[in-house]
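The values are calculated or read from the model by the stated rules, or taken from the named source; none is laboratory data. Quick caveat: nothing in here was measured; it's all calculated off a predicted structure. A quick note on method: Cβ atoms are made from the backbone with ideal geometry, for glycine too, and the neighbour counts reach across all protein chains shown.
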């Protein structure tokens, strides 16, 4: 008998690899934060002597969700900026509030609120983009969650830095500080094409290549961002050598055929944020066409100021429904037998996009995102024993189309239970909510 | 001091009428199932002596949601039919299963499962369309929920009736049986234009006019249903006198300008079912254009076999996001000040659509749908004290864009608490789930 820390037995396990697999009555053995094996429960009990046995008899266990685009601290502005016009929302509502209130305390408090939101909805890793990234990183480390912290780069002055030099210096110092941290990684985050000149983007590319760091950037979110100075944004990034597998482009709502060919040739990934894109009136990212070009998709919630929550489960449902609905597939007469076009994307495709694809885009494809031995035990357990998720004919479809966030019963990051039977274990939620309300009172002046 | 059965004090109340109103620290007084008054809590405590005082300090109280299109019994097929092609889904997956398994027991068990799903997500009234409507009505009466039961009409044989005569006879007998029931009402439900001939539709119209019964019908859900025998479906219904305020047309995804003008002239309502329309690849109902024509919208979940749950909260979120996202409003430069086009629809609009508009379309506009004195106390209470719904700048926006179904803490129908602190009071959920699983085992043969 082999000693392990934890054995988690579940009614169903979806390991993501191999694709489409659903395992009945299996267990995951976890030791020192990592997955040791995924096997039938009966065999697991013969082979392993766990310190802790966790039995989840009406549950499905899968990798924790990976949210590849968030502005965690913006959770303090949830509902404070409700314009449905992107430019107006950003420039007249959000920026003035941030210019007035943004500091390290704001970022810490907003990030902790966001982490509570994400963990309780099954997300174990998020990619963040915000000023004061050192405050975000501190909060991630304190709560034991996993994150890839965006190092902001701008050609302009903010409350955090004065020049491209200072952004890069401070960002790369933060990168060094967390170099050996098992939970916190970093990526370069030039804000958007219009905010960063060619010279700075060239420095971003060199830093990314030298340090093998992912790069993330808002791209073609609104119509107004498709061109910068008469040059298409994608063409410019190609010219500057940034269209590579290191790039995670966020949004990509407004793209033409040439943009898609450039993106595919570069091997970039695209973070699809459907709820934010819809809410701000920006439209719908053409995911089916992007996939047809062989481009890898991931999912992101964007910030809570345009969503208004950070549940990737909810985001996955919206994405799946949209992709089916805007496909306009031909329908067939009943005597024609099988449909002549198979559904473009299945529930299992969406589960992979929300887990493994996200991990890969953040440079963690070997570490998380599926339930393979030696990967970190980042896990999400969902209880299907509810009126709206019974009976169960199709587990994957149930998760994508019916499960609600409160059915997430337990969440582990690197083998540590951060949500246990619905309760946060490393966050004092009452205190987090108290601080959030205090910020709201200050910001709204009442 | 006036004696009342119940006084419910909440942090916020959204009465729906007047439109856009949010009341702080108010209370609803309820007596003999009806609303007596909505007033500041302080005044309420001076004026009323309640038998029961309910305090909900972090909650918002609003009218129960009205789901205007469901096939409740189909909850037994949740996830059993996952084709993303409407015709294939309906004709090759759903109908064969129903032809094999449908009987009164199936309808009772499926309906009870659906009622548990709907009540726990804040719905207090639903409109149903299914064979064996007497079984649906029985289950509604037994669980004390409110429903408007569709009386199926077809020109074809099913397991429930053989001819239009028999459908109408059985349906109208059911109507008589529930004539004085405070919770169960009925409406005529010819299935869809292709399934009902002119003569039968003329009889439906006469019955509706004589009995002042609403009529509901699937209309223009898929491209294939826009024309029947060379005549546009809307033109045919106009010719037959069916385009009137009594008609609740379901779906209306594929409509042209002429269809919209006909619908507006007739004064019909439209039940928008966005999740089902997207999932089955049918597209998006043009809600903004319909509203511009002055047509009243309501919301429906459709059946769980194409949704896959019956949460109207979730449906409202999808509808609101879609309406913003497909609007493609022009955005303005920051120095232009206010946007030159206001958002087409607000969170308060969606709350009204999900409550009062639904009530009106079902002929219950004077009885439910808003918190006016003398209306039935059909109420839904939502707890906002969660990480993903704090802080609260905008209560309506929070409900539409962030609240999840488990935040529904309490639900009253005609003053009776059917959900109390998250638990169903009149339904044995374990037994309901056991029966659902037994049906699944029989249907899937394992």
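Could you please let me know if residue A:323 is more than 9 Å from every other protein chain (Cβ to nearest Cβ), at pLDDT below 95 and either touching a helix residue (DSSP H, G or I) at 6+ places or on another chain (Cβ under 6 Å) or over 26 Å from residue A:88 (Cα atoms) (or both)? Criteria not met by residue A:323.
Just one of the numbered conditions (1) in a loop (DSSP other than H, G, I, E, B); (2) over 20 Å from the mean Cα position of the chain (by Cα); (3) away from every other protein chain (no Cβ under 14 Å) is not true of residue A:42: (1). Checked against the criteria, residue B:76 does not count as over 19 Å from residue B:408 (Cβ atoms), more than 24 Å from the chain's Cα centre (by Cα) and either at pLDDT 95 or above or part of a strand (DSSP E or B) (or both).
Which residues, counting only those in the stretch A:375-391, are surrounded by 24 or more Cβ atoms within 10 Å (Cβ to Cβ), assigned to a loop (DSSP other than H, G, I, E, B) and either in contact with a strand residue (DSSP E or B) (Cβ under 7 Å, 6 or more places away or on another chain) or outside the structural domain of residue A:24 (by TED's automatic domain parsing) (or both)? Result: A:377, A:378.
Residues in the stretch A:413-423 that are assigned to a strand (DSSP E or B) and closer than 26 Å to residue A:318 by Cβ: A:413, A:418, A:419. Screening residue A:435 with (1) touching a residue at least 40 places away in the same chain (Cβ under 8 Å); (2) closer than 23 Å to residue A:184 by Cβ; (3) touching a strand residue (DSSP E or B) at 6+ places or on another chain (Cβ under 7 Å) gives one miss only, at (3). Mind checking whether some residue in the stretch B:146-159 is touching a helix residue (DSSP H, G or I) at 6+ places or on another chain (Cβ under 9 Å), in the same structural domain as residue B:111 (by TED's automatic domain parsing), under 28 Å from residue B:429 (Cα atoms) and assigned to a loop (DSSP other than H, G, I, E, B)? No, because not a single residue in the stretch B:146-159 is touching a helix residue (DSSP H, G or I) at 6+ places or on another chain (Cβ under 9 Å), in the same structural domain as residue B:111 (by TED's automatic domain parsing), under 28 Å from residue B:429 (Cα atoms) and assigned to a loop (DSSP other than H, G, I, E, B). Taking the criterion of being outside any helix (DSSP H, G or I) and buried (at least 24 other Cβ atoms within 10 Å of the Cβ), the residues of the stretch B:392-409 that qualify are B:402, B:403, B:404, B:408. In the stretch B:245-269, of all residues being under 21 Å from residue B:310 (Cα atoms) and within 14 Å of another protein chain (Cβ to nearest Cβ), the one that is surrounded by the fewest Cβ atoms within 10 Å (Cβ to Cβ) corresponds to B:253.
Going by the structure shown, is residue B:372 more than 8 Å from chain A (Cβ to nearest Cβ), under 21 Å from the mean Cα position of the chain (by Cα), part of a helix (DSSP H, G or I) and at pLDDT 90 or above? Here the answer is no, as residue B:372 does not meet what is asked.
Out of the stretch B:91-117, which residues are free of Cβ contacts under 8 Å to residues at least 12 places away in the same chain and facing chain A (nearest Cβ under 9 Å)? If the condition is that a residue be free of Cβ contacts under 8 Å to residues at least 12 places away in the same chain and facing chain A (nearest Cβ under 9 Å), then B:91, B:92, B:95 are the ones that fit.
Does residue A:309 qualify as being outside any helix (DSSP H, G or I), at pLDDT 95 or above and within 13 Å of another protein chain (Cβ to nearest Cβ)? Answer is yes for this residue. State the number of residues belonging to the stretch B:252-277 that are on the phi > 0 side of the Ramachandran plot and in contact with a strand residue (DSSP E or B) (Cβ under 8 Å, 6 or more places away or on another chain). Matching residues across the stretch B:252-277 total 1.
Any chance the stretch A:397-408 includes a residue that's within 21 Å of residue B:384 (Cα to Cα), more than 11 Å from chain B (Cβ to nearest Cβ) and free of Cβ contacts under 8 Å to residues at least 40 places away in the same chain? Looking for residues that are within 21 Å of residue B:384 (Cα to Cα), more than 11 Å from chain B (Cβ to nearest Cβ) and free of Cβ contacts under 8 Å to residues at least 40 places away in the same chain, one finds none in the stretch A:397-408, hence no. When residue A:149 is tested against (1) away from chain B (no Cβ under 14 Å); (2) crowded, with 24+ Cβ neighbours inside 10 Å; (3) touching a residue at least 60 places away in the same chain (Cβ under 8 Å), exactly one condition is not met: (3).
Screening the stretch B:161-196 for residues that are part of a loop (DSSP other than H, G, I, E, B) and without any contact (Cβ under 8 Å) to a residue 40 or more places away in the chain and picking the one that is nearest to residue B:98 (Cα to Cα) gives B:161. For the stretch A:107-132, the set of residues classified as crowded, with 24+ Cβ neighbours inside 10 Å and assigned to a helix (DSSP H, G or I) consists of A:107, A:110, A:111, A:112, A:113, A:114, A:115, A:116, A:117, A:118, A:119, A:120, listed by residue number. Identify all residues within the stretch B:36-68 that are farther than 25 Å from residue B:386 by Cβ, in contact with a strand residue (DSSP E or B) (Cβ under 7 Å, 6 or more places away or on another chain) and surrounded by fewer than 24 Cβ atoms within 10 Å (Cβ to Cβ); write none if there are none. Scanning the stretch B:36-68 gives B:36, B:37, B:38, B:39, B:40, B:44, B:47, B:48, B:49, B:50, B:51, B:52. Taking the numbered list (1) surrounded by fewer than 21 Cβ atoms within 10 Å (Cβ to Cβ); (2) touching a helix residue (DSSP H, G or I) at 6+ places or on another chain (Cβ under 7 Å); (3) farther than 22 Å from residue A:104 by Cβ in turn, residue A:215 passes all entries but (1).
On the stretch given as the stretch B:270-293, residues that are buried (at least 24 other Cβ atoms within 10 Å of the Cβ) and away from chain A (no Cβ under 14 Å) total 2.
Looking at residue A:71, is it in contact (Cβ under 8 Å) with a residue 60 or more places away in the chain, farther than 30 Å from residue A:161 by Cα and in contact with a strand residue (DSSP E or B) (Cβ under 9 Å, 6 or more places away or on another chain)? The answer is no for residue A:71. At least 1 residues being within 16 Å of the chain's Cα centre (by Cα) is the threshold, and among the helices (runs of 4 or more DSSP H) wholly inside the stretch A:209-299 those reaching it are A:274-279.
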